[in-house]
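Contents: one structure, followed by commentary.
Please treat every number below as a calculation from the coordinates, not as lab data. Everything quoted here is computed from the prediction, not taken from an experiment. Glycine also receives a Cβ, built like all others from the backbone with ideal geometry; neighbour counts cover every protein chain displayed.
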Amino acid sequence: MTQPTQPQRVAVIGGGPAGLMAAETLAAGGVRVDVYDAMPSTGRKFLLAGKGGMNITHSEALPAFRSRYRSREREVGRWLDGFDPQAVREWIHGLGIGTFVGTSNRVFPLEMKAAPLLRAWLHRLREAGVRFHMRHRWLGWQDGRLRMATPEGELLVDADATVLALGGASWARLGSDGAWAPLLADLGVEVAPLVPSNCGFDVDWSAHFSERHAGAPLTTVAIAWRGAGGVMEKRQGQFVVTQGGIEGSLVYAVSAPLRDQIAEQGDTTIWLDLLPDLDAARVAQEVARPRGSRSMSSHLQSRLGIKGVKAGLLHECLPKEAYADPAKLAAALKALPLVLRGPRPIDEAISSAGGVRFEALDGDSAMLRALPGVFVAGEMIDWEAPTGGYLLTACFGSGRAAGRDALAWLGLTR
């Protein structure tokens, strides 16, 4: 009597969004799936990201959406071809979770929380036969078998294929510590250094300014910086002054080019437009109006609403003599120079850049050229994106692509 053929086994290492999506895709393809994670539970960074409102994806047109991935638009675009933002929403609806589009065109679950979505997803994965192994830290390979450190000691695991979805190097306490990078590099995989992305920056504030304004939000400002080829670029939004620098949504949105400039030059300068809703001519006109016996500070507050942290920035960054020159003062209100000394540490960043280079992959596949049968997904690959749902959507898409590529390598798809 012929014995039934055992299903092939795939190990997914990493229980974040990319790993879970790979596991779902693999289970649907008929293989036995085991998910291993070093943490006591899955999706810890995913849950933290959802604390302030779970931003799943973005509803803007796909060409604009794809452009957010900058130099990796083509490569990440392949993941989106298989799982675009609309498909992400439909997938979430299939979990019984409704979604809505916010005023910023960002897409959120109706409850604005990550936990219900993760619970529904894990339930579906377990129903599909996916098995989870917590507190299993991947250590590499031994004689072709996966080495795992567990509370009971070291374990060797057999797998017909492996998907690595170990994340980048931000928020190490949640599991993404980048410890995998030297392991893969030692095996001949091209790995770019891991660097902070969507990060804040250090500024040499005076003690007086820092003590007075740390934590103060700047809600109507713009940042200008010198982009590629020296062309000035500008973006409006909001950010926060910290004790030693700046952070917040606007800063994160422009952090990639600023980080790269600092790496090349040692520091970089940005220009703050403290009055982005007024043109330079109007600002110059208001500054030059007669002020009588009022101080210039009172005049700026009365005519242009410059007070609090904006007034503090002017005093911090502008030479005292400039206050006596209306033209220079008006120019500074529209382009106040601020020197950034360096990005904040990678462990504080929302995400990271660097990791497995696309050149280390086998063509358009997620498989590592140096390690046949080993596939990579998510933030451990060298791409980056701003916040706003772009990170999560690409992680979903790359996990799905890695799962499909593994199935194809195992001969389970045409």
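Listed values, structure above:
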| read-out | value |
| --- | --- |
| Cα-only radius of gyration and Dmax that characterise segment 201-343, units Å | 15.1, 48 |
| Reachable aspartates and glutamates from Lys310, criterion Cα separation under 13 angstrom, eight or more residues apart if same chain | Asp273 |
| Loop-located trypsin sites (Lys or Arg not before Pro) in segment 119-213 whose Cβ has at most 16 other Cβ within 10 Å (DSSP) | Arg135 |
| Compactness index (Cα Rg / 2.2 N^0.38 Å), the chain | 1.15 |
| Assigned charges on the beta-carbon of Lys, Arg, Asp, Glu; the chain dipole about Cα centre (debye) | 1180 debye |
| Potential lengthening between Thr413 and Thr103 on full extension [0.36 nm per residue; Cα-Cα distance subtracted] | 107.5 nm |
| Candidate lysines - alpha carbon under 26 Å from Lys307, same-chain residues fewer than 8 apart omitted | Lys234, Lys320, Lys328, Lys334 |
| Selected from His315, Gly363, Pro326, residue furthest toward positive end of dipole (the chain; charges at beta carbon) | Pro326 |
| Whole-Å distance, taken between Cα centres, linking segment 203-235 and segment 126-169 | 44 Å |
| Equivalent-ellipsoid semi-axes of segment 105-190, from the Cα gyration tensor, Å, largest first | 29, 19, 13 |
| Karplus-derived 3J(HN,Hα), 6.51/-1.76/1.60, for each residue of segment 337-352, Hz, glycine and proline x | x, 9, 8, 9, 7, x, x, 5, x, 4, 5, 8, 6, 5, 8, 9 |
